[in-house]
Each structure stands twice: as structure tokens, then as C-alpha cells.
Amino acid sequence: MHRLHTFAATAIITMAAVFSAACASSAGRQHSSIPHSSDVVTWSELATEAHQNAYVAVERLRPLFFHVRPGAGDARGEPRTISVFIDGDFAGGLDVLRSIPVRDIESIRRVQPSMAYATLGSLHMADEILMVRLRCRVAC
């Protein structure tokens, strides 16, 4: 009889452990159903931040956009900056993002220094670029 109670208690404890592990692993896998790129914030992601400005939304959704990566300019002592372009035109530094309502943005793309050099020329060779594409509100 004692063996039966020991076996039953062991079985119950084992089942509880298995059930707990299964619940914990499924809870840890809550992912967004919409895949996203690490270099682009899209309108569908920004829609969840509609009441914010672009700076706050990017800070929450892609905080690494605001970190300047090391590059060749570091060895020469050149300061590294992040420039913001809106619809292809230079707009300024990161503070510009504070003046852009999220509802007006189609996407924000982080451009690496090498690509910035290739697309924007040597003037932006040492910079990282955030390209903001505004939504078209009227017939474009």
C-alpha cells in the first residue's frame, strides 16, 4: 500500500512538472504575427504608436537606431552623427524626429554609413542616416 501511495505521489509530481514546463515554454514564445526588419520601421508597426512623435516611437520600437556604430572615422577622431532625411532631403539631426507625428510616417529606414556614402555621396560618408518616408495624404 505504501508503494502505491509513493508511486501515485511521484506520478502526480511528474505530471505537474511536465505541465508547468509546457506552459512556461509556450508563454515565452509570444511573438508578433507580423515579421519586421531590424533596419526598417513600417507603418504597420508605427500604427501601434499613433499618439507619439517619431522620436518616441523609434526609441521604443528600434532603440538601436539611436546608437552610432563604430566605423573607420573613429580611428581618425571624426565625430559620428546620425542624420535624418525626410523624403530624400536632409532635415537635420535626431531632434527633427520629435516634430514628426507618427500618423504622417510611412516608414523609417536606418541606412549604414557605406550605403549612405553610395547613395548620398561623400558628404555623409561618416554618418548613419535615418530615412523617413512620409505618407501621401493626397493623390501623389
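The values are calculated or read from the model by the stated rules, or taken from the named source; none is laboratory data. Quick caveat: nothing in here was measured; it's all calculated off a predicted structure. Neighbour counts are summed over all protein chains in view; Cβ atoms, including those assigned to glycine, are modelled from backbone coordinates with ideal geometry.
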- Can you tell me which residues in the stretch 105-115 are surrounded by fewer than 17 Cβ atoms within 10 Å (Cβ to Cβ) and either out of contact with any Lys or Arg (no Cβ under 9 Å at 6 or more places or on another chain) or at pLDDT 95 or above (or both)? Glu106, Ser114, Met115
- Residue count, the stretch 87-104 (criterion: aliphatic (A, V, I, L, M) and touching a Lys or Arg at 6+ places or on another chain (Cβ under 8 Å)): 0
- Within the stretch 33-82, which helices (runs of 4 or more DSSP H) (wholly inside it) include 2 or more residues that are modelled with pLDDT of 90 or more and among the charged types (D, E, K, R)? 54-61
- Message: Arg137 - would you say it is loosely packed, with under 12 Cβ neighbours inside 10 Å and at pLDDT 95 or above?
- Response: no
- Task: Among the residues of the stretch 83-110, write down those that are touching a helix residue (DSSP H, G or I) at 6+ places or on another chain (Cβ under 7 Å) and either within 16 Å of Val40 (Cα to Cα) or in a helix (DSSP H, G or I) (or both).
- Result: Ser83, Val84, Leu94, Leu97, Arg98, Val102, Ile105, Glu106, Ser107, Ile108, Arg110
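Check whether at least one residue in the stretch 119-131 is loosely packed, with under 14 Cβ neighbours inside 10 Å and modelled with pLDDT of 90 or more, and report yes or no.
Looking only at the stretch 119-131, we keep the residues that are loosely packed, with under 14 Cβ neighbours inside 10 Å, and these are 119, 121-123.
Subsequent filtering for residues that are modelled with pLDDT of 90 or more retains none.
The answer is no; no qualifying residue exists.
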